[in-house]
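The values are calculated or read from the model by the stated rules, or taken from the named source; none is laboratory data. Because the structure is predicted, anything quoted here is derived from the model rather than measured. Neighbour counts run over all protein chains shown; Cβ positions are idealised from the backbone, glycine included.
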Amino acid sequence: MLKKAGINEKRNSGQTPADDQLLPLGERIRKILGIFRKTESKTNRMLYFIMYDIENNKVRTAIAKYLEKQGCIRVQKSIFIADTERQKFDEMHNTLKEVQSFYDNNDSIFFVPVSSDEIRAMKIIGQSIDFNFFLSNPSTIFF
């Protein structure tokens, strides 16, 4: 199961890996907004955040790569957003649960389902971004 998630048994020295970098904020926002531009609402799809606190750099990097391969969009270093079928949600949850059981840790991984309305009501503190620039649907506004 570790191999499926991209993790091998070796642990690294605790240095932050170079590939643990985020895309530029504008690109992350474009990807997130792409989720909400979909016109079809399918009942078997779920919108959710995956958030983690993982001490080991190698495990953390492998899990991030696994989530990206599964189509999740990195929002921050330890937060991803995904819009997948319920089956994929369950599969990723079970895979990461099994990975976590293979090593001694105090780590935590959260899968948090959210609605589109909750995302639209999201408030962001931080870098100044003109969200209207990224929005193609004028009826969708982020505050």
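Could you tell me whether any residue of the range 110-133 is modelled with pLDDT of 95 or more and touching a Lys or Arg at 6+ places or on another chain (Cβ under 8 Å)? Checking the range 110-133: not a single residue is modelled with pLDDT of 95 or more and touching a Lys or Arg at 6+ places or on another chain (Cβ under 8 Å).
One residue alone among ASN57, ASN44, ASN106, ASN94 is touching a Pro at 6+ places or on another chain (Cβ under 7 Å) and either farther than 24 Å from ILE124 by Cα or at pLDDT below 75 (or both), and that residue is ASN57. Among the residues of the range 46-57, those identified as surrounded by fewer than 19 Cβ atoms within 10 Å (Cβ to Cβ) and not in a strand (DSSP E or B) are GLU55, ASN56, ASN57.
Residues in the range 89-126 that are of a type in the set (D, E, K, R) and without any contact (Cβ under 8 Å) to a residue 24 or more places away in the chain: ASP90, GLU91, LYS97, ASP104, ASP117, GLU118, LYS123.
Evaluating GLU85 against the criteria (1) over 20 Å from THR43 (Cβ atoms); (2) surrounded by 12 or more Cβ atoms within 10 Å (Cβ to Cβ) leaves one unmet condition, (1).
When GLN100 is tested against (1) modelled with pLDDT of 95 or more; (2) of a type outside the set (Ser, Thr, Tyr); (3) in a helix (DSSP H, G or I); (4) touching a strand residue (DSSP E or B) at 6+ places or on another chain (Cβ under 8 Å), only condition (1) is not met. In a loop (DSSP other than H, G, I, E, B) and at positive phi - does that describe any residue in the range 73-85? No: zero hits. Residues of the range 68-82 being in contact (Cβ under 8 Å) with a residue 40 or more places away in the chain and surrounded by 14 or more Cβ atoms within 10 Å (Cβ to Cβ), which ones? ILE73, ARG74, VAL75, ILE81, listed by residue number.
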